[in-house]
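Each remark here refers to the structure printed beneath this line.
Just so it is clear, none of the values below were taken in a lab; they were calculated from the coordinates. Owing to the predicted nature of the structure, the values given are computational and were not obtained by experimental measurement. Using ideal geometry, Cβ is built from the backbone for each residue, glycine included, and neighbour counts are taken over all protein chains shown.
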Amino acid sequence: MSQAKSKSSRSYTRHSADYKKEALRLAEVHGVSKAASDLKLSESQIYAWRVQAEQAKSISEREQELSLENVKLKRLLAERSEEVDILKKAAAYFARSLK
């Protein structure tokens, strides 16, 4: 006795970033359930895309903060380096005058 087993293979679709943005925009305007049914997606997919978009946004904001901090620290380092050079020259001048 052999039974034919039918495997239900599920096909997955990769959606482009533009498609995801448009789906999120529709979800904001019309609601998640209406957007999901119009696009033939599950509501959980739209919620997952929303979470991913928020995480990407927070990462880019953090990168901008770090970039600004990096510029500020570079400027401070340049000022301190200049001060050290001036102090070295002053120390050399006063060392010569003591001899």
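Key figures
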{"read-out": "Phi to ³J(HN,Hα) by Karplus 6.51 cos²θ - 1.76 cosθ + 1.60 over the range 38-54, Hz, x for Gly, Pro", "value": "5, 8, 6, 10, 8, 4, 5, 5, 5, 4, 5, 5, 5, 4, 4, 5, 5"}
{"read-out": "Charge sum, other residues only, whose C-beta stays under 13 Å from H30's C-beta, Lys/Arg counted +1 and Asp/Glu -1", "value": "-2"}
{"read-out": "Most mobile listed residue (A17, A27, A78) in the chain, GNM with C-alpha springs under 10 Å", "value": "A78"}
{"read-out": "In Hz, Karplus ³J(HN,Hα) per residue of the range 87-99 (6.51, -1.76, 1.60; θ = phi - 60°; x = Gly, Pro)", "value": "5, 5, 5, 5, 5, 5, 5, 6, 5, 5, 6, 7, 6"}
{"read-out": "Listed candidates (i) 61; (ii) 16; (iii) 44 - label of the one calculated as percent of Cα pairs over 24 Å apart", "value": "(i)"}
{"read-out": "FRET efficiency for S11 and Q55, using Cβ-Cβ distance with R0 set to 41 Å, rounded to 0.05", "value": "0.95"}
{"read-out": "Folded to 0 to 90 degrees: helix 17-30 orientation relative to the chain principal axis, Cα", "value": "70 degrees"}
{"read-out": "3J(HN,Hα) from dihedral phi, the range 59-70, Karplus parametrisation 6.51/-1.76/1.60, rounded to Hz, x for glycine, proline", "value": "5, 5, 5, 5, 4, 5, 4, 5, 5, 5, 5, 4"}
{"read-out": "In nm, spacing of pseudo-spin labels at V84 and K34 (7 Å Cα→C-beta vector)", "value": "6.3 nm"}
{"read-out": "The chain: calculated mean residue ellipticity at 222 nm from DSSP helix runs of at least 4, using -39500 (n - 2.57)", "value": "-28000 deg cm²/dmol"}
